[in-house]
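A quick write-up on the structure given underneath.
The values are calculated or read from the model by the stated rules, or taken from the named source; none is laboratory data. Keep in mind the model is a prediction, meaning the values are calculated, not measured. A quick note on method: Cβ atoms are made from the backbone with ideal geometry, for glycine too, and the neighbour counts reach across all protein chains shown.
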């Protein structure tokens, strides 16, 4: 995984309809090195990329997603609500996104939408598809459902998972340790310098959501977060670029000072006596 993850939340959803290929392409153009997307299953078990379990907000149609086959969902419009320029933009499948990023070095953050509507078999279908495209090693799987993360860990021990939550979670590093999750995805308001320090002490990486204010992004980066999830990756990338370079330079200087200190200690260490030879 890259040392710093800049995820486009549902793609560059500030500039294109969320969770569409148009939004993901815009995110790539804007310099995101990761794509965050929501996945659920159609009635016939196809993993599709859509946030809401109920149709109507960002797509045409009505009713529960789970009550529609993929053929039915494929005919819906996922772009007109955002702008007439995107009229006719379809709901993508997870496989569409896999094809988009297969020949890149982009990281995926796949959120499994299981907390409201049961999605039997989603963990198996998603991990199998990611394996088929050799994307599992550069995918972080998250969910608000602990049971879902437990299932992912059981069926795919090599999968990378993240503890995703809203509000306050007491000592989230304990839950991460129990799940074998190296990532925490907290809401931006939950992050403090102490939070980041404790997470790092536990060997965890902190990637908060959804960070759209450049001033907040700069503050979080200064505190040492390991990534950001944002609707506007281009704007946030421009805001934090100079700060990240300064932080990297400071880290290099600190590492070099430590190495010099170790060398001096080694040089000042008294020589070890050689024992006399024996015949």
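Hey, residue 63 hits all of (1) crowded, with 17+ Cβ neighbours inside 10 Å; (2) over 30 Å from residue 239 (Cα atoms); (3) touching a strand residue (DSSP E or B) at 6+ places or on another chain (Cβ under 8 Å) but one; which does it fall short on?
(1)
Being more than 25 Å from residue 129 (Cα to Cα), touching a residue at least 24 places away in the same chain (Cβ under 8 Å), assigned to a loop (DSSP other than H, G, I, E, B) and out of contact with any strand residue (DSSP E or B) (no Cβ under 7 Å at 6 or more places or on another chain), is that true of even one residue in segment 189-197?
Looking for residues that are more than 25 Å from residue 129 (Cα to Cα), touching a residue at least 24 places away in the same chain (Cβ under 8 Å), assigned to a loop (DSSP other than H, G, I, E, B) and out of contact with any strand residue (DSSP E or B) (no Cβ under 7 Å at 6 or more places or on another chain), one finds at least one in segment 189-197, hence yes.
Return the residue satisfying two criteria in turn: it lies in segment 151-176 and is under 18 Å from the mean Cα position of the chain (by Cα) and in a helix (DSSP H, G or I), and of such residues it is nearest to residue 49 (Cα to Cα).
152
Any idea which of (1) under 30 Å from residue 160 (Cβ atoms); (2) at pLDDT 95 or above is the one residue 68 doesn't satisfy?
(1)
Please specify each residue of segment 170-194 satisfying the condition of being closer than 19 Å to residue 229 by Cα and surrounded by fewer than 19 Cβ atoms within 10 Å (Cβ to Cβ).
Across segment 170-194, the qualifying residues are 182, 187, 189, 190, 192, 193.
Assuming residue 138 fulfils every condition listed in (1) under 23 Å from residue 100 (Cα atoms); (2) free of Cβ contacts under 8 Å to residues at least 40 places away in the same chain apart from one, which condition is it?
Condition (2) is where residue 138 drops out.
Hey, among the residues in segment 73-108 that are without any contact (Cβ under 8 Å) to a residue 40 or more places away in the chain and surrounded by 15 or more Cβ atoms within 10 Å (Cβ to Cβ), which one's nearest to residue 138 (Cα to Cα)?
From segment 73-108, those without any contact (Cβ under 8 Å) to a residue 40 or more places away in the chain are 73-77, 80, 84-85, 87-88, 98-99, 102-103; that's our starting set.
With surrounded by 15 or more Cβ atoms within 10 Å (Cβ to Cβ) added as a condition, the list becomes 73-74, 76-77, 80, 98.
Numbers: 73: 28, 74: 27, 76: 30, 77: 30, 80: 32, 98: 11 Å.
Looking at residues that are without any contact (Cβ under 8 Å) to a residue 40 or more places away in the chain and surrounded by 15 or more Cβ atoms within 10 Å (Cβ to Cβ), I get 98.
Out of the residues in segment 1-23 meeting the condition of being farther than 21 Å from residue 53 by Cβ, at pLDDT 95 or above and under 17 Å from the mean Cα position of the chain (by Cα), tell me which one is surrounded by the most Cβ atoms within 10 Å (Cβ to Cβ).
Checked segment 1-23; the qualifying residue surrounded by the most Cβ atoms within 10 Å (Cβ to Cβ) is 8.
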